[in-house]
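Notes follow once the structure below has been shown.
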Amino acid sequence: QVQLRESGGGLVQAGGSLRLSCAAPKTTFIINTMGWYRQAPGKQRELVAVSSGGNTNYADSVKGRFTISRDNAKNTVYLQMNSLKPEDTAVYYCNTYDRRLGNSWGRGTQVTVSS
């Protein structure tokens with residue numbers, strides 16, 4: 001496992017935007033999978049978006065509103081969140097996986113969308 005540093009959460013009004021960042025330690029290789037999950041109160045953690053092997057996947061609920069991107073030179077993954085809705089309120093967790101590093105989670109960053 002590796003330590004992940006998340007930033008960018010906060011409080012925003014519905015319709016607004018936030019950008020989350022997650023930095024992993026430097027490596028001599030490109031981390032295979034980097035992504036974002038979220039967990040709302042009383043609900044299970046769910047996949048939001050993932051970038052793996054050059055492909056990206058999104059939860060249906062965020063398609064067209066959220067964009068995942070990564071800077072492999074910095075081992076950083078971003079989540080641009082637009083047109084935010086109150087139902088997007090959750091703790092957002094960064095996740096990385098690579099067979100050389102194992103599976104790692106960030107501590108989470110709170111995103112709150114007010115109506």
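Paramagnetic label reach from Glu87 (point 7 Å along Cα→Cβ; backbone nitrogen cut-off under 14 Å): within the range 22-45, residues 40.
A simple spin-label model places the labels of Asn57 and Arg5 3.0 nm from each other, with each point 7 Å out along Cα-to-Cβ.
Using C-alpha pairs under 8 Å with a sequence gap of at least 6, the mean separation divided by the residue count of the chain gives a relative contact order of 37 percent.
For Lys63, the lysines whose Cα falls under 23 Å of its own Cα, not counting residues fewer than eight places away in the same chain, are Lys43, Lys85. Within a straight-line Cα-Cα reach of under 22 Å, Lys74 can be paired with the following lysines, leaving aside sequence neighbours fewer than 8 residues apart in one chain: Lys26.
Laboratory data are not the source of any read-out in this text; all were calculated from the coordinates shown. Computed from a predicted model, the values in this text were never measured in an experiment. We place every Cβ from the backbone using ideal geometry, glycine too, and count neighbours over all the protein chains shown.
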